[in-house]
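Right, one structure below, let's go through it.
The values are calculated or read from the model by the stated rules, or taken from the named source; none is laboratory data. Small disclaimer: the values here were computed from a predicted structure and weren't measured. Methodologically, a virtual Cβ is constructed for each residue, glycine included, from the backbone with ideal geometry; neighbour enumeration extends over all protein chains shown. Just the protein is used for accessible areas: all its heavy atoms, side chains included, with ligands, DNA and RNA removed. Shrake-Rupley method; radii C 1.70, N 1.55, O 1.52, S 1.80 Å.
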Amino acid sequence: MDEHYRLLVGRASRENAGGDMQSPDPISDTIKVDKVFIENDHVRKQSWFTTIKLQFIHYLSLGFIGILTWGLLWCAFDDDWGWDGKWFRLGTVATVAWASGLVLQELTTLPPLLAALLTGIFARHFGFLDMRDYSQIDAFLRKIYPVIILGKGSLAWDMDYMKKNWKQVVSLGTLPWSAEVVVMALCSHYFLGFPWLWGFLLGSVYSSVSCPVIMPLIQRHGTKPDKSQNWPQLICTAGGTDTALSVGVFGLIFSFMFSNASDLYRYIKAGLALLAGAALGGGWGMLARFVPHARDAYVTELRILFVLVGGLFANFFTSALGWGGTGGIAVLACNATAARQWARKGWKLNQNPAATAYRVLWSACEPVLFAYTGTFFVIHGSMTDTMLLGLGILLITLTTRLLTAAIVCWNLSIKEKLFICCAWIPKSIVEAVLCPLAIDTLIMKNSDDDHQMKYAEDLMRLVVQAILITTPIGYLLTNHLGPVLLKSKSKNDKDLESQMQASRSSSFNEDIKL
């Protein structure tokens with residue numbers, strides 16, 4: 001208790017000194033510390049009944065909003081939103097996916113996306129919903145998801161950290177991904193009979209790491225006490241690079257395969273797409289330095305719309321032109337650049353209204369994404385051989401990824417390399433967004449090519465299998481082994497680490513729940 005009191009007094013003294021550069025007053029420092037103890041004690045004494053009541057009112061409010069929204073849609077569109085209407089089924093599955101995700105997280109601490117994915121699988125199995133019947137709507141939504149996912153992550157990028165540690169960020173973000181893509185293409189070609197283009201298409205989506213799943217766990221470790229390593233920034237920026245490669249390369253291969261343009265144009269487009277996306281997004285992000293003006297009365301709302309609407313337009317516009325992958329890179333470049341411009345004017349990275357807006361949007365989109373993806377997964381006997389081979393392929397590709405990740409982390413200790421390997425296991429978000437796109441495209445084109453549809457179905461099954469296996473394993477290993485692998489060695493290190501953890505904002509530690 002005395003040691004904790006001394007640390008709080010020291011922190012209050014430093015805050016006082018930083019405010020007016022005068023010698024600290026012991027009396028005012030004591031008052032500040034006493035206030036902290038009183039507030040903490042009040043929180044501890046808050047009864048369980050008060051907590052339950054607040055949660056009940058929160059979800060009751062959401063229930064009222066949901067019922068009123070459904071009633072509005074029913075009044076506007078009649079029977080299509082009735083109890084047995086085709087649109088009502090979409091809303092029902094999304095609502096059940098959201099609720100089951102909350103229950104799973106409360107009972108097991110596992111990510112709610114697993115419950116949402118299983119909800120979609122059961123909805124398809126019992127014939128309640130099949131998103132193949134809504135292919136145009138599903139394809140439309142899958143152009144929105146990447147904007148929110150990529151935009152949310154890149155708002156946390158520290159460009160100064162990336163410049164200082166670019167070798168480690170680039171190597172960890174590209175080499176494990178590249179190795180897994182090549183191995184996946186080889187395995188799918190020789191074990192499953194995939195053509196090479198389909199094999200690399202599968203590898204580009206299969207090899208993406210899902211940092212948002214484990215970022216709340218990474219935030220607990222923060223920066224090493226000696227400031228030699230910033231774990232959140234390393235995982236966030238390297239994982240963002242990995243995600244950018246998956247989205248960009250998948251878009252390139254996908255547009256190359258399903259485009260009707262000439263071969264020369266497709267090759268030129270493939271060579272310029274990523275550079276065009278970076279230039280487009282970087283240029284739009286640089287405008288954030290000037291518009292909206294920092295003294296504008298609506299600067300917060302305008303900044304959010306500036307990056308959100310700009311990202312949506314970029315993704316839809318480049319998709320309409322057939323430049324797949326360009327829009328995703330543009331979103332990353334735009335939001336990362338805009339966040340840096342805003343930081344110079346007082347907004348903290350990932351602790352500002354724009355980051356909060358993206359977290360709210362993602363909390364609403366996440367159960368919808370995984371539930372609708374699950375409806376593409378059809379369980380039947382003929383898929384047994386594919387799924388068994390998929391287990392072996394997953395073991396081979398994951399081993400390749402983790403060995404490569406351990407090798408490229410040349411400056412880390414053995415325990416820290418194991419921690420990186422745990423964080424590099426989960427596959428979920430990018431995989432769920434991209435895996436049904438080939439099926440949607442073939443359906444909308446009324447394609448009668450049975451071979452292509454078989455490859456698209458197998459691609460989706462292998463990806464869903466990887467999500468269900470790697471997400472809980474990676475999450476649990478990171479959660480339980482992380483504190484052991486990154487445990488501070490000395491008492492002073494523990495004191496410094498506890499101070500930094502107490503000073504970090506809770507808005508960065510976990511996403512907002514709706």
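For the range 114-146, the set of residues classified as hydrophobic (A, V, I, L, M, F, W, C) and touching an Asp or Glu at 6+ places or on another chain (Cβ under 6 Å) consists of MET131, ALA139, listed by residue number.
Taking the criterion of being among the aliphatic types (A, V, I, L, M) and surrounded by fewer than 24 Cβ atoms within 10 Å (Cβ to Cβ), the only residue of the range 332-348 that qualifies is ALA343. Here is the figure for the range 316-331: residues that are open to solvent by 20 Å² or more (accessible area, probe 1.4 Å) and polar (S, T, N, Q) total 1.
Of all residues being open to solvent by 10 Å² or more (accessible area, probe 1.4 Å) and among the charged types (D, E, K, R) in the range 413-436, which is nearest to LEU172 (Cα to Cα)? Just the residue, please. For the range 413-436, the residue satisfying everything is LYS417. Filter the range 305-342 for residues that are more than 19 Å from the chain's Cα centre (by Cα) and on the phi > 0 side of the Ramachandran plot and give the result. Passing the criteria: only GLY322. For first residues located in the range 425-442 and over 12 Å from TYR145 (Cβ atoms) and of a type in the set (Val, Ile, Thr), partners that are open to solvent by 10 Å² or more (accessible area, probe 1.4 Å) and not in a helix (DSSP H, G or I) and lie 6+ apart or on another chain with Cβ distances below 9 Å form the pairs THR441/SER447. Being touching a Cys at 6+ places or on another chain (Cβ under 8 Å) and either within 19 Å of GLY240 (Cβ to Cβ) or aromatic (Phe, Trp, Tyr) (or both) narrows it down to one residue among GLY311, GLY327, GLY277; which is it? Residue meeting the stated conditions: GLY311.
Looking across the range 343-361, the residues that are of a type outside the set (A, V, I, L, M) and at negative phi come down to ARG344, LYS345, TRP347, LYS348, GLN351, ASN352, PRO353, THR356, TYR358, ARG359. Scan the range 142-162 and give yes if some residue there is at pLDDT below 95, open to solvent by less than 10 Å² (accessible area, probe 1.4 Å) and in a loop (DSSP other than H, G, I, E, B), otherwise no. Taking every residue of the range 142-162 in turn, at least one turns out to be at pLDDT below 95, open to solvent by less than 10 Å² (accessible area, probe 1.4 Å) and in a loop (DSSP other than H, G, I, E, B).
Counting only helices (runs of 4 or more DSSP H) that sit completely within the range 409-514, those holding 3 or more residues that are β-branched (Val, Ile, Thr) and modelled with pLDDT of 90 or more correspond to 429-434, 437-444, 450-485. Which of the residues that make up the range 437-455 are acidic (Asp, Glu) and either buried (at least 19 other Cβ atoms within 10 Å of the Cβ) or in contact with a Cys (Cβ under 8 Å, 6 or more places away or on another chain) (or both)? Passing the criteria: only ASP440. Among the conditions (1) part of a helix (DSSP H, G or I); (2) in contact (Cβ under 8 Å) with a residue 24 or more places away in the chain; (3) among the aliphatic types (A, V, I, L, M), the only one that VAL182 does not satisfy is (2).
Restricting attention to the range 185-194, the residues that are assigned to a helix (DSSP H, G or I) and either small (Gly, Ala, Ser) or surrounded by fewer than 20 Cβ atoms within 10 Å (Cβ to Cβ) (or both) total 6. Go through the range 105-157 and give me each residue that's of a type in the set (Val, Ile, Thr) and over 20 Å from GLY91 (Cβ atoms). Matches in the range 105-157: THR108, THR109, VAL147, ILE149. Taking the listed residues LEU197, LEU129, the one that is farther than 23 Å from GLY474 by Cα, open to solvent by less than 50 Å² (accessible area, probe 1.4 Å) and either among the aliphatic types (A, V, I, L, M) or not in a helix (DSSP H, G or I) (or both) is LEU129, with no other qualifying.
Determine whether ALA97 is among the small types (Gly, Ala, Ser), surrounded by 10 or more Cβ atoms within 10 Å (Cβ to Cβ) and either at pLDDT 50 or above or at positive phi (or both). Against the criterion (among the small types (Gly, Ala, Ser), surrounded by 10 or more Cβ atoms within 10 Å (Cβ to Cβ) and either at pLDDT 50 or above or at positive phi (or both)), ALA97 qualifies. A Cβ distance below 8 Å, combined with a sequence gap of six or more or placement on separate chains, defines the contacts here; from the range 230-258, residues that are open to solvent by 20 Å² or more (accessible area, probe 1.4 Å) reach residues that are of a type in the set (Lys, Arg) and not in a helix (DSSP H, G or I) in the pairs ASN230/LYS224; PHE258/LYS445.
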